[in-house]
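I have placed the structure first, in the form of structure tokens, so that the comments after it can refer back to it.
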Amino acid sequence: MSRARTVHRCSSCGGTSPQWAGQCPSCGEWNTLAEEAVRAVGRPVGAAPSTGEPALLVADVPTEERRPVGTGVEELDRVLGGGLVPGSVTVIGGAPGMGKSTLLLQAAAAVAASGRTALYASSEESRVQVRARAERLGALTDRLWLHAEASVDDLVGALDSVRPDLVVVDSVQTAFDPETGSAPGSLNQVRAVAQRLVVEARARGCAVVLVGQVTKDGHLAGPKALEHIVDTVLAFEGDKHHALRLLRAVKHRYGATDDLGVLEMTEGGLIGVPDPSGLFLAGRRPGVPGSVVVPTLDGHRPILVEVQALCAEVSYVPPRRSAQGIDSGRLALLLAVLETRVSVSTAKSEVYALTAGGVRLVEPAGDLGIALAVISASNGIALPEDAVAVGEIGLGGEVRPVGRIEHRLAEAARLGFRYAIVPRGTPPVAGLRLIEVGIVLEAAAAVGLITEADARALAA
């Protein structure tokens with residue numbers, strides 16, 4: 001019998017250490033080392049079993065067509081590229097309370113309602129709790145089965161009896177493999193459970209979806225143990241104080257990772273949002289300084305987002321800078337550019353910047369909108385309510401082109417906007433008047449935030 005020893009593996013970089021330490025010696029991350037068992041001889045704990053198949057030429061490998069099968073939840077199918085591929089394993093991660101269990105129970109019920117068989121395996125909640133949620137969601141169907149045991153051996157037995165087309169495991173951190181000598185939720189157990197289910201999914205041709213909890217930093221627990229094992233990783237994001245939820249693919253072996261699903265949490269469960277731009281702009285108050293609309297692009301989907309800024313003069317230093325939905329480093333860079341290139345000083349003012357609706361604006365295309373919002377808030381002059389702004393800003397104050405700007409502006413024209421402040425060289429868009437600018441100073445003057453005379457003086 002092989003002798004076992006223990007090491008401490010980092011959940012961020014995958015590096016190992018013979019003893020626990022507060023900081024990973026490989027990557028420097030804090031509190032990421034977790035104990036796991038390793039056999040000194042033989043197959044590592046949680047490793048994939050050997051198939052014994054000989055090596056083949058790539059040209060001799062038989063091809064197989066794997067078409068996705070729809071789940072019945074439109075926004076989920078959008079992100080998955082049409083649905084779940086039979087035999088694939090998907091992980092969906094998100095903070096507690098986001099609605100992961102609700103979304104997957106709805107998907108399992110929709111699959112069952114279509115005539116296929118679905119198995120919902122819950123190791124976190126009791127049968128009564130899952131039944132109560134299913135009643136609330138209207139998910140009681142004849143082909144939806146429930147399994148409430150944490151052991152993966154018991155789950156495999158349920159697969160033998162039910163023979164499902166879809167299996168939902170909620171969650172991978174609470175399930176455990178009896179053959180693995182570590183506690184549920186440990187890196188060793190997460191790897192072993194995921195690997196076991198990958199083997200079962202491939203052999204049975206059923207789609208498996210694993211619910212994965214995230215850490216306090218927003219990272220999927222045990223990322224190195226899961227992301228390289230499974231086929232697809234989905235991120236379920238949102239704010240508990242908002243009803244909107246965003247679903248995006250982080251990894252997808254059978255499709256692209258450049259699409260976004262938008263859902264809204266209601267009393268009857270999660271429903272898709274066909275027009276997220278209109279929803280994000282529904283509560284916008286026109287004529288308020290510091291407000292501007294930015295046509296952002298998340299994957300193939302253009303979305304209009306309201307960016308708000310507020311400047312409040314204070315007597316103490318250093319003043320506070322706060323960013324929500326916007327990268328704080330990017331905000332600091334833009335404030336420095338405005339100070340140097342536009343003479344808009346915020347050295348004695350607190351600056352608050354956020355995106356309405358809980359949306360994250362992480363791409364540089366939002367730079368021009370953020371800058372104009374700050375100038376507007378600082379001067380107390382509102383931007384035109386029927387105008388949008390898009391463009392990347394360099395350290396010299398120049399406004400640079402952004403990708404797929406035609407799709408962004410077409411969405412703005414569809415929602416009734418009349419003007420767009422854009423970089424020079426932008427192709428025309430029907431129904432929209434383009435105001436082309438080369439520097440931030442021009443953009444501020446074009447929308448009346450500074451006078452033409454001041455703009456010429458600053459440029460000189």
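The values are calculated or read from the model by the stated rules, or taken from the named source; none is laboratory data. As the structure is a computational prediction, the values presented were derived from the model and not from experiment. Reconstructed Cβ throughout: ideal geometry from the backbone, glycine too, with neighbour counts over all protein chains shown.
The residues of the stretch 156-210 that are farther than 17 Å from Glu227 by Cα, crowded, with 23+ Cβ neighbours inside 10 Å and small (Gly, Ala, Ser) amount to a single one, Ala175. Which one is surrounded by the fewest Cβ atoms within 10 Å (Cβ to Cβ), of the residues in the stretch 107-129 that are more than 26 Å from the chain's Cα centre (by Cα) and in a helix (DSSP H, G or I)? So, considering only residues that are more than 26 Å from the chain's Cα centre (by Cα) and in a helix (DSSP H, G or I), the one surrounded by the fewest Cβ atoms within 10 Å (Cβ to Cβ) is Val128. Of all residue pairs spaced 6 or more apart or on separate chains, none has beta-carbon atoms under 6 Å together with a first member in the stretch 184-208 that is assigned to a helix (DSSP H, G or I) and a second member that is charged (D, E, K, R) and surrounded by fewer than 19 Cβ atoms within 10 Å (Cβ to Cβ). For the stretch 411-425, the criterion of a residue being of a type outside the set (Asp, Glu), free of Cβ contacts under 8 Å to residues at least 12 places away in the same chain and touching a strand residue (DSSP E or B) at 6+ places or on another chain (Cβ under 7 Å) is satisfied by no position.
Could you please let me know if Ala382 is under 20 Å from Ala420 (Cβ atoms) and assigned to a loop (DSSP other than H, G, I, E, B)? Don't jump to the end; show me each part of the working.
Values: under 20 Å from Ala420 (Cβ atoms): yes; assigned to a loop (DSSP other than H, G, I, E, B): yes.
Considered against the rule, which asks whether it is under 20 Å from Ala420 (Cβ atoms) and assigned to a loop (DSSP other than H, G, I, E, B), Ala382 comes out as yes.
Within the stretch 277-335, the set of residues being closer than 17 Å to Gly366 by Cβ and part of a helix (DSSP H, G or I) comprises Ser277, Phe280, Ser328, Gly329, Arg330, Leu331, Ala332, Leu333, Leu334, Leu335. All conditions in (1) under 22 Å from Thr355 (Cα atoms); (2) in contact with a strand residue (DSSP E or B) (Cβ under 8 Å, 6 or more places away or on another chain); (3) not in a helix (DSSP H, G or I) hold for Ile435, with the sole exception of (1).
Quick grid of which residues meet (1) surrounded by fewer than 24 Cβ atoms within 10 Å (Cβ to Cβ); (2) more than 23 Å from Ala323 (Cα to Cα); (3) touching a helix residue (DSSP H, G or I) at 6+ places or on another chain (Cβ under 6 Å); (4) assigned by TED's automatic domain parsing to the domain that holds Thr296:
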| residue | (1), (2), (3), (4) |
| --- | --- |
| Gly366 | no, no, no, yes |
| Ala389 | no, no, yes, yes |
| Leu409 | no, yes, no, yes |
| Tyr419 | yes, yes, no, yes |
| Leu434 | yes, yes, no, yes |
| Val437 | yes, yes, yes, yes |
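Within the stretch 371-396, restricting attention to residues that are small (Gly, Ala, Ser) and closer than 24 Å to Ala312 by Cα, the residue that is farthest from the chain's Cα centre (by Cα) is Gly380. For Glu452, the conditions (1) at pLDDT below 90; (2) on the phi > 0 side of the Ramachandran plot all hold with the exception of (2).
Out of Leu441, Leu368, Leu458, Leu434, I need the residue that is over 28 Å from the mean Cα position of the chain (by Cα) and at pLDDT 95 or above. Which one? Break it down stepwise before answering.
Details: Leu441 fails: at pLDDT 95 or above; Leu368 fails: over 28 Å from the mean Cα position of the chain (by Cα); Leu458 fails: at pLDDT 95 or above.
Being over 28 Å from the mean Cα position of the chain (by Cα) and at pLDDT 95 or above holds for just one of Leu441, Leu368, Leu458, Leu434, which is Leu434.
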